């Protein structure tokens, strides 16, 4: 019982070597001997969200997806195929428009682009809930789409790789998660139609711009994101050509090779798509085993974390900034487009899950937790007409607003993200269960061939206590491993059945509890949540975010107060488990809330402070 031992790590992860602990004794840096991940996410159906804000968000998004008009979703495809196309246009970016004139007028930008993500979201929601109406809607959309596929499907389309990638994930999720037998046939026909319009290899945006193009939109395609879902298609039985194409579209020379060498080539690149491309590197590693791709993904994600806001979000104005330039702090006054939410959160969670499963490094779980509570959980709910939330706003005078166009870029990722909450919370190995995210939920799994479950009860992160109850028909020996966040204070404790665990709890590590468990055994984890201030960057040391535990606290109101550092650190929750914090100074009282509790008020994430 205690921190994972070397032997425990090797058994848990199937890894051959463990490097020395570096810097913080917390972070395990593990070198994998094979490309097989040591940990695997729990299955969708094995995690049940319980009452709380995550379940509320999942239910709202699931209801929205079920309410979306199927004729409207299929209309761009039916129109392109010359078929009868009843129903209203969703408009925005989703339907063709004579007004399209990028970047001045973006109506009609990428017709039908998010259909695949909506299908994927519904398939994942079905895998979570088992709701038959959801599965039937998936199958109707797949059948409706399949009837529109012609060799001319991609004629004149500005972003063919972008469109194909989203249709790909929708169809392979429909096949695997919603058991649609026609989905892979539709995928083959889609690939046949797409291939003549795809470049011969992955191209950067400058390389796209150097090719002849009718307008600037044709230079924004993202062929470098294709490999992840092409590898997944091959792994799910679509055929060898998908694996071969995946390898062909790896952006090695311009992206993964320099990242693997430790060269930060992110500045100036489009943020979300290049984080998404890191997941392609991880799939390449898992399938083909080249350690270069693992190193590229690790280094690339480290570069992302090093230029993230206190929320975990990144990429102001959809671009990465130059390290040490002060551009992150400057963005607080010159843009309201601070972080592409929820697509950025979806991409962040994917690469963090891949890396955590292979390396066993708990800091990836810490980063997921930040992004969860401070970005995507606070997204305004999507509406059935395609109205969607896009940018989180960290401006000095920020607010939440819907995007100006319906169905904006990757609007389907919200449904994918919320359906993935459960598989992000728990990972499994031959040794037992790993609890990555603390949220009201139940995990059911089989250990040593026998069924058992654990259930979390908690108001975290508004409270420090997490209680985990075990249920097993017979006593079993296995491990429950808990993530101890890097910010956890020295008063954190773990108890089993009321008895304090004597081993030290190390912030920024995993804590393994291995024993023979009986039905009704209980673990209580108390995470000490100290207040702290985090500056936006070194060039702006007096612009700080107020943090408690994983939460970034946003100041609210039309009149924002000035603070000294001491005044800001005197903030307190107004009551136990309250979602409001308050500080009183000589200038008045200021309220703060975490992002998911913020409504339409004016907000300020970073506070200017004096000594």
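Within the stretch 68-198, the proportion of Cα pairs with more than 26 Å between them is 18 percent. Sorted ascending by nearby beta carbons within 10 Å, beginning with the fewest, 44, 402, 438 become 402, 44, 438. Listing 578, 273 from fewest to most neighbouring C-beta atoms within 10 Å gives 578, 273.
Per residue, the convex hull spanned by the Cα atoms of the stretch 531-610 measures out at 93 cubic angstrom.
For the chain, the mean residue ellipticity at 222 nm estimated from helices alone is -10500 deg cm²/dmol, where every DSSP H run of n ≥ 4 contributes -39500 (n - 2.57) and the total is divided by all residues, rounded to the nearest 500. Neighbour counts of C-beta atoms inside 10 Å place 356, 208, 569 in the sequence 569, 208, 356, starting with the fewest.
Subtracting the Cα-Cα distance of residue 533 and residue 564 from their residue separation scaled by 0.36 nm leaves 10.0 nm. The distance linking the stretch 74-118 with the stretch 527-567 is 43 Å (Cα centroid to Cα centroid, whole angstrom). By DSSP, the beta bridges lying fully in the chain are antiparallel in about 95 percent of cases.
With the simple model of a label 7 Å out from the Cα in the direction of the Cβ, residue 192 to residue 404 spans 4.2 nm. Each Cα pair under 8 Å and six or more residues apart adds its sequence gap; the mean of these over the residue count of the stretch 135-216 is a relative contact order of 36 percent.
A straight chain from residue 516 to residue 60 at 0.36 nm per residue would run longer than the Cα-Cα distance by 160.2 nm.
Mind giving me the FRET efficiency for residue 213 and residue 450? R0 is 41 Å, r the Cβ-Cβ distance, nearest 0.05 is fine. The formula returns an efficiency of 0.10 here.
Taking label positions 7 Å along the Cα-Cβ direction at both residue 179 and residue 45, the computed distance is 0.7 nm, reported to one decimal.
With contacts taken as Cα pairs under 8 Å and at least 6 residues apart, the stretch 68-198 reaches a relative contact order of 24 percent.
Given Cα pairs under 8 Å that are at least 6 residues apart, what percent is the relative contact order of the stretch 531-610? Value for the stretch 531-610: 38 percent.
Sorting the segments 238-244, 104-110, 278-284, 253-259 by their residues' average number of neighbouring beta-carbon atoms within 10 angstrom, most packed first, yields 278-284, 253-259, 104-110, 238-244. Within the set [x] 23.9, 71; [y] 25.9, 92; [z] 28.6, 84, the number that Rg and Dmax of the Cα atoms in Å takes when calculated for this structure is listed as [x].
No lab work stands behind these numbers, since they all come straight from the coordinates. Computed from a predicted model, the values in this text were never measured in an experiment. In this analysis, Cβ positions are derived from the backbone assuming ideal geometry, glycine residues included, and neighbour counts consider all displayed protein chains.
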